[in-house]
Amino acid sequence: MTRRNVTGALACSLLAALAVTCAQAPKADYPAAPVPFTDVHLTDAFWAPRLEINRTVTIPHIFKESEQTGRVKNFDLAAAALDGATDGTYCSRFPFDDSDVYKIIEAASYALATHADPELATYVDGLIAKIAAAQEPDGYLYAARTIGGPPPQPWLGKERWSHLYMSHELYNLGHLYEAAAAHYQATKKKNLLAIAVKSADLVAKEFGPGKRTNPPGHEEIEIGLVKLYRVTGTRKYLDLAKFFIDARGKTEGRIPFQLDGKEEILYGEYAQDHKPFVEQTEAVGHAVRAGYLYAGAADVAALTGDAAYVAALEKIWADMAGTKLYITGGIGAAGGWEGYGPPYRLPNLSAYAETCANIATFLWNSRMQRLSLDAKYADVMERILYNGVLSGISLSGDRFFYPNPLASFGQHERVPWFSCACCPPNVARILTSVPGYFYAAAKDEVYVNLYAQGTGKMKVAGTDLELVQTTDYPWKFDVKIEVKPAREAEFTLALRIPGWALNQPVPTDLYTYLDTPPGDRATLKVNGEDVQVPRELNKGYALIKRTWKAGDVVELSMPMPVRRVVAHDAVEADRGRVAIERGPLVYCAEWTDNEGKVSNFVLPDGAELKAEMRPDLLNGVVVITGEGDAVVEKAGQVVSEKKPITLIPYYAWANRGKGEMAVWLPREASKARIAREPGLSAKAAVTASEGAVTPRRVNDHFEPESSDDAAGYMHWWPKKGTSEWIEYAFEAPVRVSESSVYWFDDTGGGGCRVPASWRILYKAGDDWLPVSPAGPYGVAKDAWNSVTFKPVRTKALRLEVGLQPDWSAGVHEWKIK
């Protein structure tokens, strides 16, 4: 029997087994179940157009990119290798590129569940056939290893499962399992599900007590295994998900691996493997890994009743929401490891806030809401969705952000694709399924977690129920809900009163409103009669328990003024600054609305701010306008000038080209970046030694606030211990006698430190000669390092930098006089 016949026979036997097990439901589960996205239909002007663009533009765009970048071809090459070919080479950059195909199949499956599309269905079936052909007879599926040839990255490991810290073998499979569950539920076809079950059976055979005990280096398979359990009813998949979580931080039976030339057992904080999961109390490490771990752990806790999991999740969540959450819902301050930094370290310009990390944390919070029935998790979920997730995709649906910074000096631009392209298909699958996060239903309770015009159908109190929302949320905050049970029934309608309507931007003290709370509170009416909204809500919900009948109408009205937000004083990056919100939306100032510059803006506390609908702008948005101050240098003097200011929703920035942007605006002039008059260095053409990144930043006149300020710096990372240089060249000779350097140093967040040494040289003919300094060359952090020297007349100056042996270096600004 050929390899393909073996595979086909196994698939047929799996399909027969699946036909028996697919309908079984778990005995224990979340107290409230999400109302499936297929039963929620949004008809509003905010979400409905986005979902249609996602279906008609984003999903086809990502399929096209997956084809053009070789991600799909990798499966063909793997299939050819299984049939004896020996000349294949994995043709994309990362071994986890397989997962991008799985994620976009998941997104397409959600689209097929709500919109019949025979052409898309046929294309997806063709992809599934390619994946099936790439699967090895025993179920192993990892194209990079099956193809053979030179590995795309050195960290694949020589054998199966031998370098799980970085190989992403199990990570890929998690996304495969999620896609398989979605495809089966959407189409009732079992072609992808059979592949997933065959793979999961192999993983269950290889891993577990008395077998391999190394957990995945990148979590995700836990979520996928739980979804397979829900679809098939096969308990070993749930048990395996729990095993992988329990294996973290434990050394028993672990196979060592090599890291930086050393033999290691645990993966460390980076992969949440520094201690057993139930002993973890802080959100640490790579933020996407962390979010998927916490979401998977919530699933396992719900299905097993593991109280220790819940306790750990609550502690970790308190650390995240209380010390590490950006006002935009962004997650991950440290770009060096794409993850969490220390408590309260939330820089704005260098904020990583990876789109995938924001999505993973959104998924975690959605599960925590259903686990505890507490609206605080829905508050965070909403903040992430409207700001941190939507910012990751352009209004056109075919341009993306990987990091989502909270400030820019024009260096950020949305792009159609990335070599590491995890974010585009991730945001596509979330947007396609976003209606499924609006409601949760229990036996006799319905939780309304998000608001948007449309309908939701569910079963409660033994009857079918339809809820019809009429609202212009998030621009207006009056919500009418028609309650339409099939027959009269007694149940509780739990309406989330958002934290922002209760004078609390987030459910911790990380952010607070600066201005006086509005006098109006949220109001409720049922059939036109007032219903008292209690001062003490039930975990953030207003509960209306009654016997409902068709035609009952609930009206919720929430105050929606423009609000000023300040951060906890421990957040150094935001001291003396203010952010602006309205409802769930965070706002920002962008260059194109503000005469090309926003970094020198000051927004005084007393400045009046007004909201105005602009249907002609950015597909229709409410903008916020007012008057602030601009800090500028004129004739050598720093002055403040009155200037109008326009703010747009943060999610909409960078849809009109590159330029300055800021979420946190100074409240006083001392915090603004002065718009300086050009100095002598502005006349110079800048070049630098090989490997220098953005050397032109050294004379852009953005003066840093500190050495780890992410504003306008250049660097030589990853070079270490080398001698590097920056050169200023002038069209005509200039007389120079002083040089000042502000070093970039991102201690605690990256690999740059102040240099070991530096000096200034000037060009005399064809020779570079050192100047004669009057004092030492300083290497102080957080300060200008100035040196005067005997005047020289030259057409070129060179800043020569000696890097420390184990560190790279960078420069914010190099000024000369």
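Extending 7 Å from the Cα toward the beta-carbon at both residue 693 and residue 86 defines two label points whose distance is 4.2 nm.
Among the protein heavy atoms, those of residue 784 account for about 80 Å² of accessible surface (1.4 Å probe, every chain in place).
Every Cα-Cα pair of the range 400-482 was included, and the share exceeding 14 Å stands at 73 percent. Which residues in the range 562-605 have a backbone N closer than 13 Å to a point placed 7 Å from the Cα of residue 627 along the Cα-to-Cβ line? Label zone hits: 604. Peptides 176-185, 115-124 ordered by packing proxy, namely the average of other Cβ atoms within 10 Å per residue, highest first: 176-185, 115-124. Remark: the Cα gyration tensor places the range 341-399 in the oblate category, a/c being 1.5 or greater and a/b not exceeding b/c.
Across the range 266-308 the C-alpha pair distances fall into 5 Å bins from zero in the proportions 6, 23, 31, 24, 13, 4 percent. Here each label is just a point 7 Å from Cα along the line to Cβ, and for residue 535 and residue 138 those points are 6.7 nm apart. Between residue 265 and residue 29, full extension at 0.36 nm per residue minus the direct alpha carbon distance yields a gain of 81.5 nm. Its convex hull of Cα atoms gives the range 42-161 a direction-averaged projected area, equal to a quarter of the hull surface, of 8.8 nm².
Distance between the C-alpha centres of the range 598-615 and the range 716-755: 37 Å, rounded to the whole angstrom. Counted over all Cα-Cα pairs of the range 692-815, pairs farther apart than 27 Å make up 14 percent. Ordering 337, 364 by accessible surface, largest first, gives 337, 364; the 1.4 Å probe counts only protein heavy atoms, with every chain in place. Stretching residue 732 away from residue 315 to a fully extended chain increases their span by 143.8 nm, per 0.36 nm per residue minus the current alpha-carbon distance. Over all Cα atoms in the chain, the spread is summed up by Rg and Dmax: 28.4, 95 Å.
With all protein chains in place and a 1.4 Å probe, the accessible surface of the range 405-559 carries 45 percent carbon and sulfur.
With a Förster radius of 41 Å applied to the beta-carbon distance between residue 470 and residue 641, the computed FRET efficiency rounds to 0.35.
Computed over protein heavy atoms with a 1.4 Å probe, the carbon and sulfur contribution to the accessible area of the range 147-236 reaches 53%. Oblate is the label for the range 178-335, because the ratio a/c of its alpha-carbon gyration tensor axes (a ≥ b ≥ c) is 1.5 or higher and a/b is not greater than b/c. Between the alpha-carbon centres of the range 508-568 and the range 773-817 there is a gap of 58 Å.
Rounded to the nearest 500, the helix-only mean residue ellipticity at 222 nm of the chain stands at -8500 deg cm²/dmol, with each DSSP H run of n ≥ 4 adding -39,500 (n - 2.57). Computed over the chain, relative contact order equals 10 percent, with contacts defined as Cα pairs under 8 Å that lie 6+ residues apart. When the range 731-817 is described by a simple charge dipole with +1 on each Lys and Arg Cβ and -1 on each Asp and Glu Cβ, the residue from 776, 752, 734 located farthest towards its positive end is 734. Using a Förster distance of 60 angstrom, determine the FRET efficiency expected from the C-beta separation of residue 250 and residue 793, and round it to 0.05. Computed FRET efficiency for residue 250 and residue 793 comes out at 0.30. Which of 270, 797, 194 sits closest to the plus end of the dipole of the chain, meaning its Cα is farthest towards the positive end, when Lys and Arg get +1 and Asp and Glu get -1 on the C-beta? Value computed over the given set: 194.
Using the average count of surrounding beta-carbon atoms within 10 Å as a protection proxy, the listed peptides 495-504, 472-481 rank, highest first, as 495-504, 472-481. The HN-Hα couplings worked out from phi for the range 47-55 by the Karplus form 6.51 cos²θ - 1.76 cosθ + 1.60 (θ = phi - 60°) are 7, 4, x, 5, 5, 5, 4, 4, 6 Hz, whole numbers, x standing for Gly and Pro.
Kirkwood radius, the range 238-307, all distinct C-alpha pairs, inverse of mean reciprocal distance: 12.9 Å.
Pairs exceeding a 24 Å alpha-carbon distance, out of 459/480; 227/457; 64/227; 610/643; 103/315; 227/459: 64/227; 103/315.
How many angstrom separate the Cα center of the range 363-397 from the Cα center of the range 648-680? First find each Cα centre; the distance between them is then 27 Å.
Element breakdown for the range 652-736 at a 1.4 angstrom probe: carbon and sulfur atoms account for 50% of the accessible area. The charge dipole of the chain, taken about the Cα centre with unit charges on the Cβ atoms of Lys, Arg (+1) and Asp, Glu (-1), comes to about 640 debye, rounded to the nearest 20.
Within the full protein context, the accessible area of residue 402 is estimated at about 30 Å² for a probe radius of 1.4 Å. For the Cα trace of the range 592-640, dividing Rg by the Kirkwood Rh returns an Rg/Rh value of 1.09. Partner lysines whose Cα lies under 27 Å from the Cα of residue 817, excluding those fewer than 8 positions away in the same chain, are identified as 597, 634, 671, 683, 763, 781, 790, 795.
Extending 7 Å from the Cα toward the beta-carbon at both residue 527 and residue 258 defines two label points whose distance is 7.6 nm. Along the axis of the charge dipole computed for the range 25-160 (Cβ charges of +1 for Lys and Arg, -1 for Asp and Glu, origin at the Cα centre), the listed residues 104, 149, 59 are led at the positive end by 149.
The residues of the chain present an accessible area of 37 Å² per residue when probed at 1.4 Å with all protein chains retained. Shape class for the range 264-378: oblate, because the ratio a/c of the largest to smallest gyration tensor axis (alpha-carbon atoms, square roots of eigenvalues) is 1.5 or more and b/c is at least a/b.
Here the Kirkwood formula puts the hydrodynamic radius of the range 139-240 at 14.0 Å, using every distinct Cα pair. Taking the inverse of the mean 1/r over every pair of distinct Cα atoms in the range 556-680 gives a Kirkwood hydrodynamic radius of 15.3 Å. Beyond 17 Å, the tail of the calculated P(r) for the range 23-112 holds 65 percent of the Cα pairs.
The values are calculated or read from the model by the stated rules, or taken from the named source; none is laboratory data. Values in this document were obtained by computation on a predicted structure and should not be read as measured data. A quick note on method: Cβ atoms are made from the backbone with ideal geometry, for glycine too, and the neighbour counts reach across all protein chains shown. Accessible surface is based on the protein model in full, side chains and every heavy atom, while ligands, DNA and RNA are left aside. Shrake-Rupley method; radii C 1.70, N 1.55, O 1.52, S 1.80 Å.
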